Amino acid sequence: MLIKTVDELVRTLEPVLRGDVGVAGFDTETTEVPDDRFTPYGTDVRMAGFSMSWDLEVQEGGAGGLLPIDFYAAVRHQPYDWRRPYRLIPAPWNVRLTEAEGVALDGTWLPGWDPNLPLDEVRDVIKLAFAVRGVRWIAHNWPFDAKIVLVDGIPLPDDMEDTQIDSVLTDERPLDEWDEEKNRFTHQGHSLKLLGELYLGRDPVEKTLLDEARKVLECNSWAHLPLRTIVAPYAWQDTRLCVELAAQMRTRPLWSDEAIQEAIREHHAEMRHQIAMEGRGIKIDVDECRERARVREQRLPEIQARVAELPLEPRLTLNLASPTEVAAQLYGPLAFPKYRGKEDTEKATLKQVRALVKGGAPTALDQENALALIDAILEYRKVQKQLTAFYRPLVEFADGENTIYTVLNALRAVTTRFSASKPNVQQMEKPKKGKERDSVRYVFKPRDGHVFITPDYSQQELRVAGHFALAVPKDFSYLFTWNCTLKKRGDCKGDGPHGDGVVHTGRRGLAIATAPDHMALVEGFMSGDRAFDPHQIMADEAGVDRDTGKTADFALIYGAFIYKLAETLDCTYDEAKRIYETFWQKAFPELNHVKMFISERLRQAGTPSFYSHQKSIRTLHGGRIHLSGAHKGLNYLVQRSCREILRKAIIGVGDVIKDTPYRMIFPVHDQLIIEAPADSLDQGLVQSISRAMVEAGSASKVPMVVEGTVCRKNWAEQEKLPGYGWCGVTGTAI
């Protein structure tokens, strides 16, 4: 129903205010239809209305039952503009909207038809409802709705449940299910529409119809969409679906798992910190952003002009701003070689094409000009990304006080790592030493009189990988196949030895995998030696420099195969294969043991399906991982475990700084950005922050180490502070 007066709102909410309701759904609609980068901070987007749903116990004829209560209340809706060209909305709302909505000829509400309630009075009523103890308020993506109500001065309820969090953590679908249509692996989504269809067998939200209505009516604002015929029915069905989904999730097998329950509680606790971080924002140097944008705007036509001077066909033009056009010309008239049959212009692909050209592959251009063309394309893409992904958006997103409010997405990535938008701070790489001023991070500044404290996990992914090297069984059996190197050449002689140790393919059996006696990675970390450098070990074993060794370490931990490693390192396939084998067989064979265990565990489980959790893989804190293949098993295992540590760290650090002037701004990978008054840079407090982060990873058999760092002028220039970090191995400050 649509609430028409504040008195009616209060009467409807009486069961909640009396404490007779234990579970209620809540949702907001806004004055603009937001995208994924939406935030109300620094914008004029506000709440247009809100909906609530719950079930009320009633007695009828001596028998008890549940009466569903669903309603929508408007606060900032505008009359539908009848003066637009008359169109009909598809069924079931095939009505003349101007009449159904009560709009007069002058574009105002007809007498008695204005549905908007006084915001001040509505605010007070919602505050009272949210303050009632014992009510669990359910929403799908609570951080979105929380920001909307907070900017209108409404405090959040004590008990908040997010069905998106519940669904991600209790989901038993494979993370990387094969999509036949797209011919690739794709992870499962958790939208309200998808979950309604999947678990309840219906989609009462009519989201598709709503989107169609917006297109037909040429309207991008909830406040201007027809209220009675479109917005209100959509909204209260939305909250009804949340309530029903919350009940359904409690029937999932994983809901009774204690580790999963602990993760759900922690994610909801972390969610409050996430909401607070998004509301604080961070200062940027807008003038510096404008200058950097101007320089790059000038640079792009200069690169385009340089390409125009190359000896191309007289009628051949190459628009570097269009990847499609560049690809068509590059692999068409210009006859550039194709790397692995690809006809794209991605950075990794172009680097491999460049290597082919440099190695003598023919093109329609001579080698010098062909290399110059690829270099120009790569430079254009780099400059264009800096301009369009960072500097222009930063200027656009900044409010009048030069503050941006980045949007954090806690569970959108398949690894559950934080992602971000407006802007994507997760993509802003650490600057190389001596290149800090060139980094995008340079334009992020602490407020006047403040500094950034940036405690950072040291080698977190490798330490967690080391934990699993100790956690998996030392010996286990696995199914294997002998590979015949002669079969491809046609020289295979059938079953049995071929000589020189080569055995015919097709023979399968069980073997015992035994963990290596010497685990360089684990032993180095457990020694507590601060000089231990796993990347240098890899570099020495592979005969490459340390930067290449470090890049290879992370690429392989993240699931790269040989071709992907070649693209990442910008090297040949043979060189990548040598580095690949060095990592798994020589540098860190204990991680190869973990990888084999994951592969065998998934083979035993078969193709994952619903309720196959008996043979799923456990993360560091008991989370479940379901894969349709083992190719990314170690990656998901390590990254999800690191995310669990960060979740605990955010909660722990929040407790440490609760009554101090320190404020968390946002997390970036394995680092927290905390703003603090410069004159309150207390060594003991920062040490406590570092220690809380270390203790968040106490479940790991390889203890965590957190380094204490500070940024006094900007986010790019970091200074290590001896004695401000914490070593979990020795239990001392570092």
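We did not get these values from a lab; they are worked out from the coordinates using the rules stated. These numbers come from a predicted model, not from an experiment. Every residue, glycine as well, gets a Cβ built from its backbone with ideal geometry; the counts of neighbours run over all protein chains shown.
The table that follows gives values for the structure above.
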| read-out | value |
| --- | --- |
| Volume per residue that the Cα convex hull of region 230-342 spans, once the total is divided by residue count, Å³ | 317 |
| Alpha-carbon spread of region 326-377, three principal axes, descending order, Å | 21, 20, 19 |
| W255/D124 FRET efficiency (R0 35 Å; Cβ-Cβ; nearest 0.05) | 0.45 |
| Over region 533-605, volume per residue of the alpha carbon convex hull, in Å³ | 82 |
| Estimated FRET transfer efficiency when R0 is 51 angstrom, pair N369-A269 (beta carbons, to 0.05) | 0.30 |
| Cα→Cβ-extended label distance, 7 Å offset, between S191 and T324, nm | 2.3 |
| Relative packing of 241-248, 530-537, which averages over residues the other C-beta atoms within 10 Å, highest first | 241-248, 530-537 |
| Computed lengthening from R603 to K433, 0.36 nm per intervening residue step minus Cα-Cα distance | 56.7 nm |
| Of the GluC sites (Glu not before Pro) in region 382-434, those whose Cβ has at most 13 other Cβ within 10 Å and which sit in DSSP loop | E401, E429 |
| Label-point separation in nm, S698 to D659, each point 7 Å along Cα→Cβ | 2.1 |
| Directionally averaged shadow of region 286-397, computed from the convex hull of its alpha-carbon atoms, nm² | 7.3 |
| Filter on K382/K713; K385/K632; K474/K550; K193/K648; K595/K713; K127/K193 - keep pairs with C-alpha separation over 32 Å | K595/K713 |
